[in-house]
Amino acid sequence: MRFHFIGVGGSGMSAVARLVAAKGADVTGTDKRRSAYFAALEDAGVDVRVGHDASLVDGADVVVISTAVRDTNEELARARTLGIDVWHRSKALAWALEGRRLVSVAGSHGKTTTSAMVAHMLHRCGVDASYAVGARVFGVEGAVAGGYGGSSPIAVVEADESDGSFLNYDTEIAIVLNVEPDHLDFFGSFAAVEEAFVRFASGARVLIACVDDPGAARVADAASRAGVRVVRYGVWPRPLGARDADVVVSDSDVTWAERTMPLVVPVPGVHQRLNASAAWAAVVELGVDPVHAAGAVASFAGTGRRFELRGEARGMRVIDDYAHHPTEVAAVLAAARADGAGRLIVVFQPALFSRTQALGAQFGRAMSIDNAAIIVAPVYGDREDPIEGVTSQLIADALTVGEGTTVEVADSLEDAAQRAADQARPGDTVMTIGSGTVTQAAGWILDRWGSVDG
């Protein structure tokens, strides 16, 4: 059976391709450009090619796409003309993992890190679990591409809600980190977003949900009414008036059922401690010793583009992060402050015109911080066409300029990177933030520092 992947070089698609290949299927794929994920598939012996060619679809049994593949793609059009089955990547992943005990990690943000934490803990505790994560998982097999086919009957997936495809998985343990307004271009309303999460959670045997997030708490209540066993987690000490939590995480430990043990989380931020406690609870639910699982967190090396240190030069450093929702942006900036980042120079690239239109004011509030240089790059449209009047200026106009803070709108991503590199001084931290091509700016900045006499 041959599966042909269109856009195989993306982080999510490459992970699925690996797992489909690990199940024994023949896999081919194309993408319009090379990437680290594309190269990793080549190294693994997968037949992948740069450039789309309709003839490559001939003979395939299934063509796999993501939401980003447009109907005008010549390979997709050829598949439909020939009557070849066209599957969303989530269906291909469900096929590859059929029969396994599945942990599905969902939420408006934090999915990648949390699913990687689950995979890491399992591997450190001797469980050779399969996983599909939308980024590199440092320190675990298959680190370049976030897909790994293991020998254990356990698997971990980052369950994407953006197009409703997380409903395709036969989930044993669901994690819901948070539920916030996003992907309204697909869902139409926040009520529809929340309803999708309720359906996802209600289909699981066990739900692990953050009671400190209002949306996740409501989803947990609905799932409980549907007969799902719910484990609620939150911070300790509990805020005044907060709901009770089964699992509580403090600055130094985690507690469940009156049993407390140390929990060292090497990535900064309160949100990461919450993520770690959710991942730990899932691993314990799978039968792993709680103490061993908690101890494994300390060696978590992170994931690609999640507070990833890309390099240092002349007392300056560059941190790259995938944050693309206002809550994520605020959290990663707070984490940088807590990590002693010094003065921040932020290169932010908004992703999608529809998201910028809906959340521009919230992005502005998220970046309204003191002692920083905020440089907003043009909107990365990706699969969308431009919307009249929707530009990065919407975000810049919504910023409240704090003490020692400047705000600029760059003409291009290259312009933003140059401005950031030239403004940095020893002790500063440059952050490249967004889900589009802004990760390239991190390398450009480091290159510029290396090429300037100083």
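The values are calculated or read from the model by the stated rules, or taken from the named source; none is laboratory data. This is a predicted model, so every value here is computed, not measured. Here the Cβ is made from the backbone with ideal geometry for all residues, glycine too, and neighbour counts use every protein chain on show.
Restricting the search to the stretch 213-227, which residues are surrounded by fewer than 20 Cβ atoms within 10 Å (Cβ to Cβ) and touching a helix residue (DSSP H, G or I) at 6+ places or on another chain (Cβ under 7 Å)?
If the condition is that a residue be surrounded by fewer than 20 Cβ atoms within 10 Å (Cβ to Cβ) and touching a helix residue (DSSP H, G or I) at 6+ places or on another chain (Cβ under 7 Å), then Arg218, Ala222, Ala226 are the ones that fit.
With the requirement that a residue be in a helix (DSSP H, G or I), touching a Phe, Trp or Tyr at 6+ places or on another chain (Cβ under 9 Å) and modelled with pLDDT of 95 or more, what does the stretch 248-278 give you?
Result: Leu274, Ala276, Ser277, Ala278.
Evaluate the following for Thr67: is it modelled with pLDDT of 95 or more and either hydroxyl-bearing (Ser, Thr, Tyr) or in a loop (DSSP other than H, G, I, E, B) (or both)?
no
For Leu240, are the conditions met, namely being without any contact (Cβ under 8 Å) to a residue 12 or more places away in the chain and either of a type in the set (Asp, Glu) or assigned by TED's automatic domain parsing to the domain that holds Met117 (or both)?
yes
Of everything in the stretch 297-344, what is farther than 25 Å from Gly12 by Cα and of a type in the set (A, V, I, L, M)? Give them in sequence order.
Ala298, Ala313, Met316, Leu333, Ala334, Ala335, Ala336, Ala338, Ala341, Leu344
What strands (runs of 3 or more DSSP E), lying completely within the stretch 314-395, carry at least 3 residues that are in contact (Cβ under 8 Å) with a residue 60 or more places away in the chain and outside the structural domain of Phe186 (by TED's automatic domain parsing)?
It comes to 316-321, 344-348.
Failed condition for Arg80, given (1) in a helix (DSSP H, G or I); (2) touching a residue at least 60 places away in the same chain (Cβ under 8 Å); (3) within 28 Å of Glu384 (Cβ to Cβ), with all others met?
It fails just one condition, (2).
Which condition number in (1) assigned to a loop (DSSP other than H, G, I, E, B); (2) in contact with a helix residue (DSSP H, G or I) (Cβ under 9 Å, 6 or more places away or on another chain) is the one that Gly295 fails?
Here Gly295 clears every test but (1).
Looking for something in a helix (DSSP H, G or I), buried (at least 19 other Cβ atoms within 10 Å of the Cβ), of a type in the set (S, T, N, Q) and in contact with a strand residue (DSSP E or B) (Cβ under 6 Å, 6 or more places away or on another chain) - is there at least one such residue anywhere in the stretch 114-134? Please lay out each step first, then the result.
Of the stretch 114-134, the ones in a helix (DSSP H, G or I) are 114-124.
Next, from what is left, pick out any that are buried (at least 19 other Cβ atoms within 10 Å of the Cβ): 114-124.
Still in the list and also of a type in the set (S, T, N, Q): 114-115.
Within this subset, residues satisfying the condition of being in contact with a strand residue (DSSP E or B) (Cβ under 6 Å, 6 or more places away or on another chain) are 114-115.
Yes, the stretch 114-134 has at least one match.
Could you tell me which of the residues Ser162, Ser151 is among the hydroxyl-bearing types (Ser, Thr, Tyr), within 29 Å of Arg124 (Cβ to Cβ) and out of contact with any Leu (no Cβ under 8 Å at 6 or more places or on another chain)?
Ser151
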